[in-house]
Amino acid sequence: MDEILNGYVLQVVVFSCINIILALSVYMTLCTGQMSLGNAGFMSVGAYTSAILTMQAGLPMPAAIVLGGIMAAVVALIVGIPTTRLRGMYLAIATLGFGEVVRVLALNLKITNGALGLSGIPSMANTLGDLASDLLDVLDIDTQTGGQLLMCLVLLIVVVAILWFWRRLERSRIGRAFAAVKADEHAAELSGIPIVYYKMMSFLFSAFFAGVAGALFAHTANFISPTDFSWHKVVNALLYCVFGGSNVMWGSPLGAVILTVLPELLRDLAEYRDMLYGIMLVALMAFRPDGILSYDVLKRMTRKRPAHAVPERAAKEGDR
Amino acid sequence: MLLELQHVIKRFGGVTASSDISFSVEEGQIYGIIGPNGAGKTTLFNLITGVYQVSEGDILFQGTSIEGKKPHEITALGIARTFQNIRLFPQMTVLENCLVGCHTQLHSGILASVFHTKGQRQEEQEARQRAMDFLKFVGLEKDACTIASSLPYGKQRKLEIARAMSTHPKLLLLDEPAAGMNDSETAALGTLIRGLRDTYHVSIVLIEHDMNLMMDLCDRLVVINFGKKLAEGTPAEIQNNPAVIEAYLGKEDEG
């Protein structure tokens with residue numbers, strides 16, 4: 001029990017959860033065929049907003065985290081008006097530039113405490129540990145481990161909730177519109193889909209969840225500085241998506257978990273670790289350019305369900 | 001009058017793709033556009049669907065100008081189209097392609113979609129039913145769960161028609177629907193197009209090179225050459241029009 005519940009393992013779980021949310025946020029824009037690399041910036045906005053609101057305004061943590069996400073979405077609305085009209089590489093460069101602007105702002109503003117960053121951000125583990133201290137006493141778990149454990153639980157619930165949310169959305173009229181815009185903008189527009197509206201919608205969702213990921217990061221690491229949100233972060237997030245399979249939702253969490261846990265497992269290899277990591281990425285892209293999970297793989301996995309085979313059923317089924 | 005083109009001119013830089021084109025389509029008509037390759041037929045479709053904006057002149061749909069409207073707004077008004085080079089959503093199933101076409105008919109927002117409210121489920125159910133009806137009409141009901149890109153060519157063309165019909169159009173624009181089809185397939189397509197008009201009371205504008213099909217199917221035709229209107233009339237009038245004969249067969253004394 002102690003081996004599983006040690007701080008190090010729990011820390012890896014926490015990072016995995018945050019990386020899953022970040023990867024999903026990148027996936028959300030990929031859903032409409034946009035490659036937005038501004039998510040490190042949105043994450044930064046969410047993290048600083050939530051940290052400042054809890055530290056200086058004394059807001060309760062859940063409210064601050066949600067407000068962090070909302071703040072990121074508001075910024076995305078302003079950034080998105082010009083950028084959602086851009087395509088492909090131009091969008092990638094513009095959003096990457098936005099991320100750098102946010103980083104430089106955080107580096108120079110007073111309220112973000114410049115390069116020193118913000119320390120002493122209220123810790124989610126401590127808050128949860130204090131809240132549940134009675135229960136933890138009964139279970140004979142010390143407050144610190146218990147708090148960390150509860151934090152993992154909360155993060156896992158958040159991850160599941162986001163996955164549920166997006167899965168539901170993908171299987172609705174809105175999800176079909178996203179997929180149509182991704183597949184063929186021109187045909188989508190002439191099928192009656194306002195493409196700018198749906199691109200913007202996915203961009204805002206992406207920014208909101210990146211902001212939430214940032215806020216969660218702030219309250220789990222308890223310290224943030226501008227270097228935490230450099231462009232490496234978003235390149236990693238994109239890597240999670242592409243590695244796991246960027247065409248299906250389950251690819252992002254899978255990629256995020258593998259690429260977060262694997263480097264930890266390879267810690268013994270010291271300087272060879274990054275080399276192995278690189279070789280793995282090259283190998284995957286060579287043999288499975290669509291990532292680990294693709295439409296075909298998921299279809300093979302779900303083929304046993306007979307519902308897909310019979311058209312009559314398909315027509316009647318409400319939720320497929 | 002359902003659709004009315006009034007002295008439509010479209011210029012691309014120095015090139016005039018359409019110059020002074022006027023014609024009108026009445027409700028319930030099957031209206032043909034013919035002309036040699038590069039005459040500017042598809043340009044007309046792009047103008048009617050809002051992909052391009054007219055340089056001069058006006059296009060009226062049900063008496064109101066569509067100038068400045070975005071393609072998706074025009075689709076919502078009731079104009080649907082198919083494409084000369086098929087543009088399906090290749091990774092989606094046949095049914096999903098049609099459901100995308102139903103988009104303008106559905107209204108569920110984000111929350112209703114996520115929580116699958118009663119209204120949303122009912123709406124989806126009806127959309128599926130409607131999409132299946134159109135698939136049945138074009139003969140694709142057995143392929144509803146097939147991935148669109150794996151359909152044979154002829155069926156892909158039919159799916160394009162079913163998807164366009166799913167938007168509930170009053171006017172359907174078909175861009176060379178018989179391209180690449182053999183004679184019997186073309187004849188079947190003719191029956192299908194007539195069936196669409198008779199069953200769903202949709203007016204149809206058709207671009208096609210197959211003269212037998214066009215003469216047989218269309219109530220009226222317009223002939224376009226080098227972006228200009230050459231002639232307009234019933235199939236019989238067009239077949240006997242000297243200007244049309246000249247454009248297609250050349251002048252006698254030139255030969």
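Here are a few things to note about the model shown:
- Any hit, the stretch A:283-291, residues being open to solvent by less than 50 Å² (accessible area, probe 1.4 Å), more than 30 Å from B:K142 (Cβ to Cβ) and in a helix (DSSP H, G or I): yes
- Here A:L281 clears all of (1) under 18 Å from the mean Cα position of the chain (by Cα); (2) over 30 Å from B:S150 (Cα atoms) except the condition numbered (1).
- Qualifying residue in the stretch A:267-281 (condition: in a helix (DSSP H, G or I), of a type in the set (K, R) and surrounded by 15 or more Cβ atoms within 10 Å (Cβ to Cβ)): yes
- Only residues that are among the small types (G, A, S) and either more than 16 Å from the chain's Cα centre (by Cα) or open to solvent by 30 Å² or more (accessible area, probe 1.4 Å) (or both) were counted across the stretch A:57-81, and they come to 5.
- All positions within the stretch B:1-15 that are surrounded by 15 or more Cβ atoms within 10 Å (Cβ to Cβ) and within 20 Å of B:L171 (Cβ to Cβ): B:L2, B:L3, B:E4, B:L5, B:Q6, B:V8, B:K10
- From B:S24, B:S18, residue being open to solvent by 10 Å² or more (accessible area, probe 1.4 Å) and either touching a His at 6+ places or on another chain (Cβ under 7 Å) or touching a residue at least 12 places away in the same chain (Cβ under 8 Å) (or both): B:S24
- Taken over the stretch B:104-115, the criterion of being under 20 Å from B:A80 (Cα atoms), open to solvent by 10 Å² or more (accessible area, probe 1.4 Å) and either within 7 Å of another protein chain (Cβ to nearest Cβ) or at pLDDT 95 or above (or both) is satisfied by B:T104 alone.
- Selected residue [surrounded by fewer than 17 Cβ atoms within 10 Å (Cβ to Cβ), without any contact (Cβ under 8 Å) to a residue 40 or more places away in the chain and either within 18 Å of the chain's Cα centre (by Cα) or more than 8 Å from chain A (Cβ to nearest Cβ) (or both)] from B:K118, B:K142: B:K118
- Of the helices (runs of 4 or more DSSP H) lying entirely inside the stretch A:158-247, those containing at least 2 residues that are open to solvent by 20 Å² or more (accessible area, probe 1.4 Å), within 14 Å of chain B (Cβ to nearest Cβ) and of a type in the set (A, V, I, L, M) span A:173-183, A:195-221.
- Unmet requirement for A:Y197, which otherwise passes all of (1) touching a helix residue (DSSP H, G or I) at 6+ places or on another chain (Cβ under 8 Å); (2) within 25 Å of B:R81 (Cβ to Cβ): (1)
- Assessment of the stretch B:39-50 against the conditions (assigned to a loop (DSSP other than H, G, I, E, B), facing chain A (nearest Cβ under 10 Å) and among the small types (G, A, S)) yields at least one matching residue.
- Failed criterion for B:L173 (all others in (1) among the hydrophobic types (A, V, I, L, M, F, W, C); (2) within 26 Å of B:V51 (Cα to Cα); (3) in a loop (DSSP other than H, G, I, E, B) hold): (3)
- Candidates B:M165, B:M132, filtered to the one that is open to solvent by less than 70 Å² (accessible area, probe 1.4 Å), within 24 Å of B:L3 (Cβ to Cβ), touching a helix residue (DSSP H, G or I) at 6+ places or on another chain (Cβ under 6 Å) and within 12 Å of another protein chain (Cβ to nearest Cβ): B:M165
- Of all residues in the stretch A:120-142 being crowded, with 19+ Cβ neighbours inside 10 Å, at pLDDT 85 or above and aliphatic (A, V, I, L, M), the one that is farthest from A:G214 (Cα to Cα): A:L128
- Qualifying position, being at positive phi, out of contact with any Cys (no Cβ under 7 Å at 6 or more places or on another chain) and polar (S, T, N, Q), among B:Q62, B:Q6, B:Q29, B:Q53: B:Q62
- Those residues of the stretch B:51-103 which are within 23 Å of B:F12 (Cβ to Cβ), in a strand (DSSP E or B) and open to solvent by less than 20 Å² (accessible area, probe 1.4 Å), in sequence order: B:I59, B:I79, B:R81
- Residue match in the stretch A:292-307 (condition: modelled with pLDDT of 85 or more and open to solvent by 40 Å² or more (accessible area, probe 1.4 Å)): yes
The values are calculated or read from the model by the stated rules, or taken from the named source; none is laboratory data. Computed from a prediction, not measured in an experiment: that's the story for all the values here. All Cβ positions, even for glycine, are placed from backbone atoms using ideal geometry, and neighbour counts span all protein chains on display. Accessible surface areas use protein heavy atoms only, side chains included; no ligands, DNA or RNA. Shrake-Rupley method; radii C 1.70, N 1.55, O 1.52, S 1.80 Å.
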